[in-house]
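First up is the structure itself, then whatever we jot down about it.
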Amino acid sequence: MYRLAFLAAPLALMACEDSMSESGSTAAMPTPAEQACLRDVTAATANPDVVLLGSEFSEAGTSVRVGVGPEQAPWQCIAYSDGTTDGIMSMAAEGAL
(Lines give C-alpha, C1' and ligand atoms only; values in the text may rest on other atoms or scores of the structure.)
Protein backbone atom coordinates (compact mmCIF):
# COMPACT_ATOMS: atom_id res chain seq x y z
CA MET A 1 0.00 0.00 0.00
CA TYR A 2 1.38 3.40 -0.89
CA ARG A 3 0.35 6.70 0.65
CA LEU A 4 0.87 10.19 -0.69
CA ALA A 5 1.37 12.31 2.43
CA PHE A 6 1.34 15.75 0.82
CA LEU A 7 0.72 16.89 -2.73
CA ALA A 8 4.07 18.70 -2.86
CA ALA A 9 5.99 15.99 -1.01
CA PRO A 10 7.46 12.91 -2.70
CA LEU A 11 5.63 9.61 -2.39
CA ALA A 12 6.51 7.79 0.77
CA LEU A 13 6.26 4.03 0.97
CA MET A 14 4.25 3.34 4.11
CA ALA A 15 3.53 -0.37 3.66
CA CYS A 16 3.66 -2.88 0.86
CA GLU A 17 0.57 -4.70 -0.37
CA ASP A 18 0.63 -7.59 -2.83
CA SER A 19 -0.61 -5.57 -5.79
CA MET A 20 0.24 -6.31 -9.37
CA SER A 21 1.84 -3.41 -11.18
CA GLU A 22 1.32 -2.72 -14.86
CA SER A 23 4.41 -4.82 -15.57
CA GLY A 24 2.73 -7.81 -13.89
CA SER A 25 5.11 -7.97 -10.92
CA THR A 26 4.86 -6.77 -7.36
CA ALA A 27 6.35 -3.27 -7.39
CA ALA A 28 8.33 -1.57 -4.64
CA MET A 29 7.36 1.89 -5.91
CA PRO A 30 4.42 3.09 -7.97
CA THR A 31 5.00 3.23 -11.73
CA PRO A 32 4.94 6.64 -13.47
CA ALA A 33 1.33 5.95 -14.55
CA GLU A 34 0.32 5.07 -11.00
CA GLN A 35 2.11 8.16 -9.66
CA ALA A 36 0.27 10.37 -12.18
CA CYS A 37 -3.09 9.05 -11.02
CA LEU A 38 -2.17 9.32 -7.34
CA ARG A 39 -1.18 12.95 -7.99
CA ASP A 40 -4.31 13.83 -9.95
CA VAL A 41 -6.78 12.02 -7.67
CA THR A 42 -5.18 13.90 -4.77
CA ALA A 43 -5.78 17.18 -6.62
CA ALA A 44 -9.33 16.25 -7.67
CA THR A 45 -10.38 15.24 -4.16
CA ALA A 46 -8.31 17.85 -2.26
CA ASN A 47 -7.35 14.94 0.00
CA PRO A 48 -3.66 13.99 0.31
CA ASP A 49 -4.51 10.65 1.96
CA VAL A 50 -4.45 8.38 -1.11
CA VAL A 51 -3.56 4.69 -1.42
CA LEU A 52 -2.69 2.75 -4.56
CA LEU A 53 -5.14 -0.17 -4.77
CA GLY A 54 -3.95 -1.56 -8.10
CA SER A 55 -3.58 -0.98 -11.81
CA GLU A 56 -4.02 -2.67 -15.16
CA PHE A 57 -1.91 -1.77 -18.18
CA SER A 58 -3.26 -1.46 -21.71
CA GLU A 59 -1.87 0.29 -24.76
CA ALA A 60 -4.83 2.68 -24.67
CA GLY A 61 -3.99 3.76 -21.11
CA THR A 62 -3.33 2.33 -17.68
CA SER A 63 -6.40 1.93 -15.46
CA VAL A 64 -5.45 2.80 -11.88
CA ARG A 65 -7.53 2.20 -8.74
CA VAL A 66 -6.95 4.58 -5.84
CA GLY A 67 -8.32 4.59 -2.28
CA VAL A 68 -9.03 8.03 -0.81
CA GLY A 69 -9.20 8.99 2.86
CA PRO A 70 -9.16 6.81 5.96
CA GLU A 71 -11.96 4.62 4.58
CA GLN A 72 -10.10 4.24 1.24
CA ALA A 73 -13.10 5.35 -0.82
CA PRO A 74 -12.51 3.82 -4.28
CA TRP A 75 -11.61 6.09 -7.19
CA GLN A 76 -10.42 5.27 -10.69
CA CYS A 77 -8.19 7.06 -13.16
CA ILE A 78 -6.73 6.42 -16.61
CA ALA A 79 -3.06 7.35 -17.08
CA TYR A 80 -1.38 7.82 -20.46
CA SER A 81 2.26 7.43 -21.48
CA ASP A 82 2.67 11.21 -21.86
CA GLY A 83 1.99 11.71 -18.12
CA THR A 84 -1.58 12.96 -18.50
CA THR A 85 -4.64 11.43 -16.88
CA ASP A 86 -8.36 11.29 -17.62
CA GLY A 87 -11.54 9.69 -16.34
CA ILE A 88 -10.93 10.52 -12.69
CA MET A 89 -14.07 9.47 -10.85
CA SER A 90 -15.35 8.02 -7.63
CA MET A 91 -16.43 4.39 -7.75
CA ALA A 92 -18.28 4.62 -4.41
CA ALA A 93 -22.04 4.47 -4.23
CA GLU A 94 -23.55 7.95 -4.53
CA GLY A 95 -23.62 9.66 -1.15
CA ALA A 96 -21.06 7.27 0.36
CA LEU A 97 -18.31 9.90 0.36
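Please go through segment 31-56 and pick out each residue that is polar (S, T, N, Q) and either crowded, with 22+ Cβ neighbours inside 10 Å or in contact with a strand residue (DSSP E or B) (Cβ under 6 Å, 6 or more places away or on another chain) (or both). Break it down into steps so the answer makes sense when it comes.
First pass over segment 31-56, keeping only residues polar (S, T, N, Q): 31, 35, 42, 45, 47, 55.
Within segment 31-56, Thr42, Thr45, Asn47, Ser55 qualify.
Among the aliphatic types (A, V, I, L, M), part of a strand (DSSP E or B), in contact with a Phe, Trp or Tyr (Cβ under 7 Å, 6 or more places away or on another chain) and within 20 Å of Pro32 (Cβ to Cβ) - does that describe any residue in segment 70-87? Reasoning before the result, please.
At the first step, the residues of segment 70-87 found to be among the aliphatic types (A, V, I, L, M) are 73, 78-79.
If we keep only those that are part of a strand (DSSP E or B) as well, we get 73, 78-79.
This time we only want the ones that are in contact with a Phe, Trp or Tyr (Cβ under 7 Å, 6 or more places away or on another chain), so: none.
The answer is no, given that none of the residues of segment 70-87 is among the aliphatic types (A, V, I, L, M), part of a strand (DSSP E or B), in contact with a Phe, Trp or Tyr (Cβ under 7 Å, 6 or more places away or on another chain) and within 20 Å of Pro32 (Cβ to Cβ).
Assess whether Val51 counts as being part of a strand (DSSP E or B), in contact with an Asp or Glu (Cβ under 8 Å, 6 or more places away or on another chain) and within 15 Å of Gln35 (Cβ to Cβ). The answer is no for Val51.
Can you work out which of the residues in segment 32-71 that are among the polar types (S, T, N, Q), out of contact with any Pro (no Cβ under 6 Å at 6 or more places or on another chain) and at pLDDT 95 or above is nearest to Ala92 (Cα to Cα)? Walk me through it before giving the result.
Within segment 32-71, the first condition is being among the polar types (S, T, N, Q), and the residues that meet it are 35, 42, 45, 47, 55, 58, 62-63.
Checking which are out of contact with any Pro (no Cβ under 6 Å at 6 or more places or on another chain) leaves us with 35, 45, 47, 55, 58, 62-63.
If we keep only those that are at pLDDT 95 or above too, we end up with 35, 45, 47, 55, 62-63.
Working: Gln35: 21, Thr45: 13, Asn47: 16, Ser55: 17, Thr62: 20, Ser63: 16 Å.
If we take residues in segment 32-71 being among the polar types (S, T, N, Q), out of contact with any Pro (no Cβ under 6 Å at 6 or more places or on another chain) and at pLDDT 95 or above, then Thr45 is nearest to Ala92 (Cα to Cα).
The values are calculated or read from the model by the stated rules, or taken from the named source; none is laboratory data. Bear in mind the structure is a predicted one, so any value in this text is a computation, not a measurement. Every residue, glycine as well, gets a Cβ built from its backbone with ideal geometry; the counts of neighbours run over all protein chains shown.
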